[in-house]
1. Using a 7 Å offset from the Cα along the Cα-to-Cβ direction at both LEU4 and VAL77, what is the distance between the two label points in nm, to one decimal?
2. What is the Rg over Rh value, at two decimals, for the range 50-113, using alpha-carbon atoms and the Kirkwood definition of Rh?
3. In percent, how large is the relative contact order of the range 44-113, given Cα pairs closer than 8 Å and 6 or more residues apart?
4. By the scheme Lys and Arg +1, Asp and Glu -1, what is the net charge of all other residues having a beta-carbon under 11 Å from that of LEU23?
5. Return the carbon/sulfur percentage of the accessible area of the range 40-141, one whole number, probe 1.4 Å, all protein chains in place.
6. Mind checking the full-extension length gain between LEU119 and ASN13? Use 0.36 nm per residue of separation minus the Cα-Cα distance, one decimal, nm.
7. Rank ILE60, ILE126 by accessible area, highest first, at a 1.4 Å probe radius?
8. Between LYS133 and ASP49, what is the FRET efficiency for a Förster distance of 30 Å, r being their Cβ-Cβ separation, to the nearest 0.05?
Amino acid sequence: NISLASDVLAYINRSSPMEVGLLDTESGKPFSEPYKHSINVVSVALNHDGMANSRKMSLIDSNRDLYVTRLHRPKPVKLATMVESAVWHSRHDILACISHQRLVVWYYPHVVYVDMDLLQKTQLSIDASAYGKQCELVSFH
């Protein structure tokens with residue numbers, strides 16, 4: 001899949017699914033070196049808040065693990081396991097996912113680069129089993 005922010009396009013390289021390519025939307029040239037994950041990536045999403053130098057990407061790999069990383073200094077951090085889908089808020093730096101039949105929302109996912117101990121304090125988790133298995137988050141406004 002692909003994800004588009006105001007300044008960057010992210011796409012999974014189908015010839016090498018462990019790699020996520022990043023393109024500058026204005027010039028069409030590479031935004032940075034492709035991000036290389038340890039296993040195949042099945043989904044990618046860019047946040048929409050802020051400027052290019054603070055842009056973050058979430059990805060779900062073939063183990064269904066959710067990672068978040070910065071584009072300028074990639075350092076992936078695992079946020080959740082058994083993730084069905086994930087989506088960034090359309091205007092704010094907030095990330096939501098379906099994990100273990102729960103809706104999980106991180107109000108400040110950047111906290112993983114500040115203090116991992118605070119991650120749980122920026123998270124809301126509610127039961128989503130009423131929506132069935134393999135439900136998908138489509139948008140977040």
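1. Distance between label points: 3.0 nm.
2. Numbers: Rg = 11.3 Å, Rh = 12.0 Å.
My calculation puts Rg/Rh at 0.95.
3. Numbers: 146 pairs, mean separation 17.0, N = 70.
Value for the range 44-113: 24 percent.
4. On the way: positive: LYS29; negative: ASP7, ASP24, GLU26.
Charge balance in the 11 Å sphere: -2.
5. On the way: 2810 of 5490 Å².
Answer for the range 40-141 is 51 percent, counting heavy atoms of protein chains only.
6. Details: separation 106, 0.36 × 106 = 38.16 nm, distance 3.05 nm.
Taking LEU119 through ASN13 to full extension adds about 35.1 nm, to one decimal.
7. Working: ILE60 5, ILE126 80 Å².
Putting ILE60, ILE126 in descending order of accessible area: ILE126, ILE60.
8. So the FRET efficiency works out to roughly 0.45.
The values are calculated or read from the model by the stated rules, or taken from the named source; none is laboratory data. It should be emphasised that the depicted structure is a prediction, and the values quoted were computed from it without experimental measurement. Ideal geometry is used to build each Cβ from the backbone, glycine not excepted, and the neighbour counts take in all protein chains shown. For accessibility, only protein heavy atoms count, side chains too; no ligands or nucleic acids. Shrake-Rupley method; radii C 1.70, N 1.55, O 1.52, S 1.80 Å.
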